[in-house]
Amino acid sequence: MIQSMTGFGKHVVQLPSKKITIELKSLNSKNLDINARLPQFYREKELELRKMIASALNRGKIDFSLYVEITGEETTAEVNKGVVKNYMEQLADIAKGDDIKLLEMALRMPDTLKTDKDNIDEAEYKAILEAMDEALSKIVEFRNEEGKVLEEDFVARLKNLNELLEAVKAMDPERLGTVRERLDKAVSDLKVELDANRFEQELIYYLEKYDITEEKVRLANHLKYFESTLNSDDSNGKKLGFISQEIGREINTIGSKANYAPMQQLVVQMKDELEKIKEQMLNVL
């Protein structure tokens, strides 16, 4: 089962005096790239939270945000006026709005509250970890659903490629016959006498250069390997990418050896199907 790298997960936890929101967004990336955005007070826990994300999501460009909204009395916290004012000024430059609206927006930004606490409350951090688990579960579920859509598309593309390959196999004898006729005609147009045995040897050598038997066998094997990898328990985006490259090589070789317009038309269709697979492959974990 494959998994998409595109996903979204969000969870909100309500504590006695504050509401904590965790959001996770992911897009495709060759490696794991985590962009964390959280209030300064929670920075000491950033590494641990990053490890949780890395363990669950493996790969992708991840945007992680932790928002804190005070909903009750927080006697040890006070508004960081300088930070809030700076946020309001920056927001005013971006969009018009009255001061109350700008203030509401600014207070949702990081570090708008300062506290005299030295350490994060144990119960509060436990709630954050539980919220993180929930958000990660949701983003993984999102990725799995997206993966099902991708898998359906890959299966359809593989079916088309296999059908086109069968058409190539069926057309091959006709192609070789046409190439032979073309060579015979070219020789006869020269109006010279040639040794029949020597001509046959040269003809066989020439036809061998255009033989695509090995390419057809390898292409069929690559398509089967792609399908079995697609149906494996793990999401193997990189492996599928490598297999698709090998599929492309065989298709290109068939096209270069075809020397027959109807077969080259089939090759163009195969390249189109493969290109669509490669485009979608960028999103596979």
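Could you give the angle, 0 to 90 degrees to the nearest 10, between helix 122-190's Cα long axis and the longest principal axis of the Cα atoms of the chain? The two axes meet at around 10 degrees. Each Cα pair under 8 Å and six or more residues apart adds its sequence gap; the mean of these over the residue count of the chain is a relative contact order of 26 percent. Amide H contacts under 5 Å for Ile34: Ile62, restricted to partners 5 or more places along the chain or on a different chain, H placed in the peptide plane at 1.01 Å from N.
Find the accessible area per residue for the chain; the probe is 1.4 Å, ligands and nucleic acids are left out, and the unit is Å².
Accessible area per residue: 59 Å².
The values are calculated or read from the model by the stated rules, or taken from the named source; none is laboratory data. Remember, predicted model here, so these are calculated numbers, not experimental data. Heads up: the accessible areas ignore ligands, DNA and RNA and are worked out on the full protein's heavy atoms, side chains in. Shrake-Rupley method; radii C 1.70, N 1.55, O 1.52, S 1.80 Å.
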